[in-house]
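Below: the structure, in structure tokens.
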Amino acid sequence: MEQAISFERVPTHIYGDSEKASKAVAHEIGALIRQHNQEKKPTVLGLATGSSPKKVYQELIRLHKEEGLSFKNVHTFNLDEYYPMEPDSVQSYTRFMKEQLFDHVDIPVTNYHIPDGTLAYDKIPEFCRDYEEKIEKLGGFDFYLLGIGRNGHIGFNEPGSIITSKTRLMTLDILTKIDAAIDFGGLEKVPKKAITLGIDKIMHAKRIVLLAWGEHKAESVARAVEGPVTSEIPASYLQQHPNTTFILDETAASLLTRIKTPWVVDSVTWDRNMIKKAVTHLSLTLNKPVLKLTTKDYNEHGMSELLSLYGQSHEINIEVFNYLQHTITGWPGGKPNADDTHRPERAFPARKKVIIFSPHPDDDIISMGGTFQRLHDQGHDVHVVYQTSGNIAVADDEALRFAEFVIDFNEKFESSNAKTNKIYKESVKFLKGKRDSEVDIESVREIKGLIRQGEAKNTCRFVGIKRENAHFLNMPFYETGTIRKKPLTEPDIQLIMDIIEEIQPHQIYAAGDLADPHGTHKVCLDAIFEAITRLKHREYMKNCWVWLYKGAWAEWDIDQIEMAVPMSPDQVFKKRMGIFKHQSQKDGVVFQGEDSREFWQRAEERNRGTAELYNKLGLAEYEAMEAFVRWRF
């Protein structure tokens, strides 16, 4: 038997989800600590911050509390810290590590070390030397846990860092600052520098595990694993380490050759999904419509095995063309009194009860506004369920404007309410004196939540949805006032179950955007999946289909799409007007990201891009399309 070709230059393990992967890594760390504890020698760990290691830390805490794993003889050194940064600041990595791990295990305070963001500038070089000396005195790292930046950095060793770099003060790359902006409430508030452990010390660790979750990490992972060793992707240096493993979820691994084009690596099972994936990839690579692909094209691009099964390229072309054509429908709720054999949705019942779950109060209109409108216009009973308040995405000056309006309104119409005035005046006072790192008080969060709720109601009114069909859950996991959320708990799941039980839908739409496995969209989807899993034996659920949409930044790969809803120019414009109802998210969004465009611009480009792909594959040319994948629970 021929051996599979490997394009990967570092061992890589791919897991179905980040939770299973995180537990596996935590158990490896736990086993190492136990072994060293038995041998009565210290364990020296290097630790990372950010979203990637959170579930590893959660499992380590569980191992400590439930299985007696002791950290008394563990010494840890963190990768980095922003500079300048107070240790109790919301964004501080010192605070992060205490909240995520140290405060919940028995590690002595003297045993954990984190770069000091409060040092005088001229004291930093000495601190960095001392930091490395402490590591050396303990015998170096037994295990280092890393994440990876979208620009390929490890720690804050930004592109351009050399392999022999020492612990030092670094100027942050613009992409790093953009990614951090969500934590700081704006790009301008992100520190320009950080203290980071050098690559040299990382490379001397006995064992390194790098974690990466989500499709936004896929490109940097692929370059680090399969590309050349280069200072432009510092994580690529790990190819030269003798005991490194990359631990990935499926989305972070999506651009690796064995995932993206597995037929060029090894024999594959040529089922419908694989054929569709391969042929659409070939068509787009060659910039030729599917029906124009030739036998030569197949043979020259690693698809001769597929030809040997079918014999003729044109037969495969026609089959894939039909797959694609059958995904297109102007009737997302099903076309009544029509043959639905080759349609993505059922004809019966003609009038469906529909739930659109929206993680934030604008994801419904941004991500599937055209489909939303069409479902209503075609007579379906549409309910929109807003899962979180979205309050942290409202700018302080917007909240201040509304708070002052209420006070002015009460005074103008002599309807002053002492309690209301007291609450709003406290909020105004807080907002005017608020520090950048300060968490909003409860009343301010309530004001911001009301702003977003009002905008969501306005959108529903614009689409034609009845007021009573807009539901606001305000899931508890979200209500922390910061980007860092609480874990999903039973009350969160129960809220989802209750609304599904109440409506008993034939269709559920949910945000399937898994770009950040620890972000709001992922947590909201986890709650929906868990609720549906518990309810799937209900009689009404046997006739319920679940469709997943993506957000404003990405779209489903063309081979994954199972329903594509085309939009005319007029429908695109109407969707734009619906997005405009969310005024607090327009003209300077709090969490803008690297994309300076407004959400309506992002959404329109995404929808037009999907239509353009269908056109390139040789299908009809539409103005725009919204795409969905069915989850078969």
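When Q387, Q378 are screened for being in contact (Cβ under 8 Å) with a residue 60 or more places away in the chain and crowded, with 16+ Cβ neighbours inside 10 Å, only Q387 passes. Within segment 19-56, the set of residues being open to solvent by 70 Å² or more (accessible area, probe 1.4 Å) and either within 21 Å of T94 (Cα to Cα) or in a loop (DSSP other than H, G, I, E, B) (or both) comprises E39, K40, K41.
Within segment 17-43, residues that are modelled with pLDDT under 95 have Cβ atoms under 7 Å from residues that are crowded, with 17+ Cβ neighbours inside 10 Å and part of a loop (DSSP other than H, G, I, E, B) in these pairs: S18/W213; S18/P517, counting only partners at least 6 apart in sequence or on another chain. Please verify whether segment 471-479 includes one or more residues that are open to solvent by 30 Å² or more (accessible area, probe 1.4 Å), over 23 Å from L525 (Cβ atoms) and at pLDDT 85 or above. Within segment 471-479 (the criterion being open to solvent by 30 Å² or more (accessible area, probe 1.4 Å), over 23 Å from L525 (Cβ atoms) and at pLDDT 85 or above), the answer is no, since none of the residues qualifies.
Close Cβ contacts (under 8 Å, 6 or more residues apart or on different chains) running from residues in segment 395-419 that are within 22 Å of H582 (Cα to Cα) to residues that are among the basic types (K, R) comprise D396/K434; E398/K448; A399/K448; L400/K432.
Taking the condition open to solvent by 40 Å² or more (accessible area, probe 1.4 Å) and not in a loop (DSSP other than H, G, I, E, B), does K448 pass? No.
Is at least one residue of segment 391-400 under 20 Å from P505 (Cα atoms), open to solvent by less than 10 Å² (accessible area, probe 1.4 Å) and part of a loop (DSSP other than H, G, I, E, B)? No, segment 391-400 contains no residue that is under 20 Å from P505 (Cα atoms), open to solvent by less than 10 Å² (accessible area, probe 1.4 Å) and part of a loop (DSSP other than H, G, I, E, B).
When I496, I508, I465 are checked against the criterion of being open to solvent by less than 50 Å² (accessible area, probe 1.4 Å), closer than 30 Å to H376 by Cβ, among the aliphatic types (A, V, I, L, M) and assigned to a loop (DSSP other than H, G, I, E, B), I465 stands alone in meeting it.
All conditions but one from (1) under 19 Å from V565 (Cα atoms); (2) touching a residue at least 40 places away in the same chain (Cβ under 8 Å); (3) open to solvent by 10 Å² or more (accessible area, probe 1.4 Å) apply to D364; the one that does not is (3). If the condition is being surrounded by 19 or more Cβ atoms within 10 Å (Cβ to Cβ) and either within 30 Å of L284 (Cβ to Cβ) or in contact with a Ser or Thr (Cβ under 6 Å, 6 or more places away or on another chain) (or both), then segment 521-555 contributes H521, K522, L525, W545, V546, W547, L548, Y549, K550, G551, A552, E555.
Which of the following residues is at pLDDT 90 or above and either under 26 Å from L286 (Cβ atoms) or in a loop (DSSP other than H, G, I, E, B) (or both): R576, R597, R606, R630?
Working: R576 fails: either under 26 Å from L286 (Cβ atoms) or in a loop (DSSP other than H, G, I, E, B) (or both); R597 fails: at pLDDT 90 or above; R630 fails: either under 26 Å from L286 (Cβ atoms) or in a loop (DSSP other than H, G, I, E, B) (or both).
The conditions single out R606.
Within segment 406-427, identify whether any single residue is open to solvent by 30 Å² or more (accessible area, probe 1.4 Å), touching a Leu at 6+ places or on another chain (Cβ under 8 Å) and not in a loop (DSSP other than H, G, I, E, B), and answer yes or no. No, every residue in segment 406-427 fails to be open to solvent by 30 Å² or more (accessible area, probe 1.4 Å), touching a Leu at 6+ places or on another chain (Cβ under 8 Å) and not in a loop (DSSP other than H, G, I, E, B).
I'd like the full set of residues that are open to solvent by 40 Å² or more (accessible area, probe 1.4 Å) and either in a loop (DSSP other than H, G, I, E, B) or within 25 Å of E562 (Cβ to Cβ) (or both), limited to segment 256-266.
In the first step, residues of segment 256-266 are kept if they are open to solvent by 40 Å² or more (accessible area, probe 1.4 Å); the result is 258-260, 264, 266.
Correct list: R258, I259, K260, D266.
The set of residues from segment 556-573 being hydrophobic (A, V, I, L, M, F, W, C), assigned to a helix (DSSP H, G or I) and crowded, with 18+ Cβ neighbours inside 10 Å comprises just one member, V572. Note on segment 226-255: residues that are more than 18 Å from G160 (Cβ to Cβ), in contact with a strand residue (DSSP E or B) (Cβ under 6 Å, 6 or more places away or on another chain) and hydrophobic (A, V, I, L, M, F, W, C) total 5.
Considering only residues that are modelled with pLDDT under 95 and either outside any loop (DSSP other than H, G, I, E, B) or of a type in the set (G, A, S) (or both), look in segment 1-16 and name the one that is surrounded by the most Cβ atoms within 10 Å (Cβ to Cβ). Give the steps one after another, and end with the answer.
Our first condition is that a residue be modelled with pLDDT under 95; within segment 1-16, this holds for 1-7, 16.
Narrowing the set further to residues that are either outside any loop (DSSP other than H, G, I, E, B) or of a type in the set (G, A, S) (or both) leaves 4, 6, 16.
Details: A4: 10, S6: 12, G16: 9.
The qualifying residue surrounded by the most Cβ atoms within 10 Å (Cβ to Cβ) is S6.
Is it fair to say T329 is among the polar types (S, T, N, Q) and in contact with a strand residue (DSSP E or B) (Cβ under 9 Å, 6 or more places away or on another chain)? Steps first, answer last, please.
Numbers: among the polar types (S, T, N, Q): yes; in contact with a strand residue (DSSP E or B) (Cβ under 9 Å, 6 or more places away or on another chain): yes.
Yes: the conditions hold for T329.
The values are calculated or read from the model by the stated rules, or taken from the named source; none is laboratory data. Computed from a prediction, not measured in an experiment: that's the story for all the values here. Note that we place each Cβ from the backbone using ideal geometry, even for glycine, and neighbour counts take in every protein chain shown. SASA here: full protein model, heavy atoms, side chains in, ligands and nucleic acids out. Shrake-Rupley method; radii C 1.70, N 1.55, O 1.52, S 1.80 Å.
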